Amino acid sequence: MPAEIVTRFAPSPTGYLHIGGARTALFNWLYARGRGGKFLLRIEDTDRERSTPEATEAILKGLKWLGIDWDGDWVSQFERRDRHAEVAREMLARGGAYKCFCTPAEIEAAREAARADGRSTLFQSPWRDADHASHPDAPFVIRLKAPREGETVIEDAVQGTVRFRNDQLDDMVCLRSDGTPTYMLAVVVDDHDMGVTHVIRGDDHLNNAARQAQVYRAMGWEEPVWAHIPLIHGPDGKKLSKRHGAVGLEAYQALGYPAAGMRNYLTRLGWAHGDAEFFTDEQAREWFDLKGIGRAPARLDFKKLENICGQHIAAMAGADLVEEIVAYLAAAERPALSQSQKDGLLRAMPHLKERSKTFPELIEKAHFVLAARPIVPDEKAGEALTPVSRGILRELTPQLQNASWQREEIEQAVARVAEAHGMGLGKIAAPLRAAIAGRTVTPSVFDMMLVIGREETIARLTDAAA
Ligand code: GLU
């Protein structure tokens, strides 16, 4: 067991932060944080054509939103290219690699010939065992001297023992003829130099692990623990794609899912701790382990996501919710809240956070405290404002005028008027909702009245009765 656990997230900045990537980051973060270890971030920007600063920005922003923090500054893989080249030369000096002078045309010709003979097209360089004295003064690449016989075996914490036949792995290029390192080399050098002890990533990298393990072995470096996690599938069980809708993490913020709920759901996606569905960050840190990661692809389930988010909204402190809702509105490009709207939202929060699965749902319920007079009822709510119900509202106002603004007294005043008209409380609630909130889905009418106060309540009832 290494002294300190070090994990990393190593995204390529070529697009948005995919939710699969976000989950990988989360698993690495939880694994390290739960063990007093370090979690590092490395941006794999070696592909200069496809990497963009905007994509890096999106990754940083997405991780921050999800509440994932990394130790130290993030590392740019591209900036470490000299070090990668140095290791390639070191490997050469150790005899773990060799210079290959074959031109692309020669390699293609060798492949052609192999194809024609029905042999494996895996390129075998004639320079592998060539005498140094025979080396021409010509451009060369540095190739790994990979074992030709036997197997490269990966002990994977999720996949178990995975075997790769060495006669199916070629001597991969580590350093190109222009002196630039290949991605496969860079990953290993970086992980080694950063002291990474556990590589937890998508199982689309399992094949890379075989080649990367060969580099560790050629350098005499200690291999990390490998853990390749199954990818996330869409609700239909097929590989996640744009077809499934929200695949970028930023879309989830804009849809109004709270970050805590998203963390909980993504952690649970492909990992289990007994039958726990809802858990706190502390519990996740305490429980998360590699043993709990399943071998089958996890399926996205929006119903489950919403349920978990609803539980987190209910459990959150009001002030934290307001803060996160402010960020949500900005992300969703919806109008910002004024200070008095924020204050109102906070006051109303105890009556809003139960049974709201997302922020848009919560905001809809909060309409009574966010809207200003005159309250314009939506179509459905407006149906409750009939000549008869308007008359009832008119009768109610003087009663409320005299009530002390206590729940019990307000209830009694409303009940008295309802009774006088031979109607139940349920029946009278509809025009009250329409008058106070202009909506049909609201907190209880009494809670709303208490939140907005006597004066505002009476003003709204008077508006609606007119
Ligand atoms: N940069 C790779 C990717 O974004 C990850 C490499 C790794 O985790 O080793 O898929």
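The values are calculated or read from the model by the stated rules, or taken from the named source; none is laboratory data. This structure is a prediction, so every number in the text was calculated from the model and none was measured. For neighbour counting, all protein chains shown are included, and Cβ atoms are generated from backbone atoms with ideal geometry for every residue, glycine included.
Residues being under 26 Å from residue 298 (Cα atoms) and touching a Lys or Arg at 6+ places or on another chain (Cβ under 8 Å): count how many of those fall in region 18-46.
The total comes to 11.
Any chance region 188-201 includes a residue that's more than 16 Å from the ligand (Cβ to nearest atom), surrounded by 21 or more Cβ atoms within 10 Å (Cβ to Cβ) and modelled with pLDDT of 95 or more?
no
Please verify whether residue 65 is crowded, with 18+ Cβ neighbours inside 10 Å, in contact with a Lys or Arg (Cβ under 9 Å, 6 or more places away or on another chain), touching a residue at least 60 places away in the same chain (Cβ under 8 Å) and closer than 23 Å to residue 259 by Cβ, treating the condition exactly as stated.
no
Can you tell me which residue in region 374-410 is modelled with the lowest pLDDT, limited to those that are surrounded by fewer than 12 Cβ atoms within 10 Å (Cβ to Cβ) and among the aliphatic types (A, V, I, L, M)?
In this case the residue turns out to be 388.
Return a yes/no flag: does region 157-178 have any residue that is under 24 Å from residue 4 (Cα atoms) and more than 24 Å from the chain's Cα centre (by Cα).
Yes, the conditions are met somewhere in region 157-178.
Against the definition (among the β-branched types (Val, Ile, Thr), within 12 Å of the chain's Cα centre (by Cα), within 29 Å of residue 255 (Cβ to Cβ) and within 13 Å of the ligand (Cβ to nearest atom)), how does residue 19 come out, yes or no?
no
Does residue 43 meet the test of being within 10 Å of the ligand (Cβ to nearest atom), under 19 Å from the mean Cα position of the chain (by Cα) and buried (at least 16 other Cβ atoms within 10 Å of the Cβ)?
Yes; evaluated as a whole, the condition is true for this residue.
Quick check on region 237-251: of everything there that is without any contact (Cβ under 8 Å) to a residue 60 or more places away in the chain and in a loop (DSSP other than H, G, I, E, B), which residue is nearest to residue 315 (Cα to Cα)?
245
Being out of contact with any Phe, Trp or Tyr (no Cβ under 6 Å at 6 or more places or on another chain) and either within 12 Å of the ligand (Cβ to nearest atom) or without any contact (Cβ under 8 Å) to a residue 40 or more places away in the chain (or both) is the filter; apply it to region 25-36 and report the residue that is farthest from residue 286 (Cα to Cα).
27
Can you name the condition, by its number, that residue 319 falls short on among (1) loosely packed, with under 13 Cβ neighbours inside 10 Å; (2) at pLDDT below 95?
Looking at each condition in turn, residue 319 falls short on (2).
Kindly indicate whether any position in region 443-457 is within 21 Å of residue 362 (Cβ to Cβ) and of a type in the set (Ser, Thr, Tyr).
Yes, the conditions are met somewhere in region 443-457.
Hey, can you tell me all the residues within region 1-14 that are near the ligand (Cβ under 10 Å from one of its atoms) and modelled with pLDDT under 95?
14
Please go through region 252-265 and pick out each residue that is in contact (Cβ under 8 Å) with a residue 60 or more places away in the chain and either over 23 Å from residue 278 (Cα atoms) or part of a helix (DSSP H, G or I) (or both).
252, 253, 254, 259, 260, 262, 263
Part of a helix (DSSP H, G or I), surrounded by 13 or more Cβ atoms within 10 Å (Cβ to Cβ), within 42 Å of the chain's Cα centre (by Cα) and free of Cβ contacts under 8 Å to residues at least 60 places away in the same chain - does that describe any residue in region 90-103?
yes
For a quick check of your reading: which helices (runs of 4 or more DSSP H) sit entirely within region 383-466 and have at least 3 residues that are under 17 Å from residue 373 (Cβ atoms) and among the acidic types (Asp, Glu)?
Correct list: 454-465.
Can you tell me which of 256, 274, 179 is surrounded by 21 or more Cβ atoms within 10 Å (Cβ to Cβ) and on the phi > 0 side of the Ramachandran plot?
The unique qualifying residue is 256.
Condition check ((1) more than 19 Å from the chain's Cα centre (by Cα); (2) surrounded by 13 or more Cβ atoms within 10 Å (Cβ to Cβ); (3) aromatic (Phe, Trp, Tyr); (4) not in a helix (DSSP H, G or I)) across all residues:
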| position | (1), (2), (3), (4) |
| --- | --- |
| 291 | yes, no, no, yes |
| 296 | yes, no, no, yes |
| 312 | no, yes, no, no |
| 333 | yes, no, no, yes |
| 350 | yes, no, no, no |
| 362 | yes, yes, no, no |
| 372 | yes, no, no, yes |
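Can you spot a residue in region 159-179 that is within 13 Å of the ligand (Cβ to nearest atom), more than 30 Å from residue 326 (Cα to Cα) and touching a residue at least 60 places away in the same chain (Cβ under 8 Å)?
For region 159-179, residues within 13 Å of the ligand (Cβ to nearest atom), more than 30 Å from residue 326 (Cα to Cα) and touching a residue at least 60 places away in the same chain (Cβ under 8 Å): absent.
When only residues in region 202-225 that are surrounded by 22 or more Cβ atoms within 10 Å (Cβ to Cβ) and within 11 Å of the ligand (Cβ to nearest atom) count, which is farthest from residue 144 (Cα to Cα)?
Within region 202-225, the match that is farthest from residue 144 (Cα to Cα) is 224.
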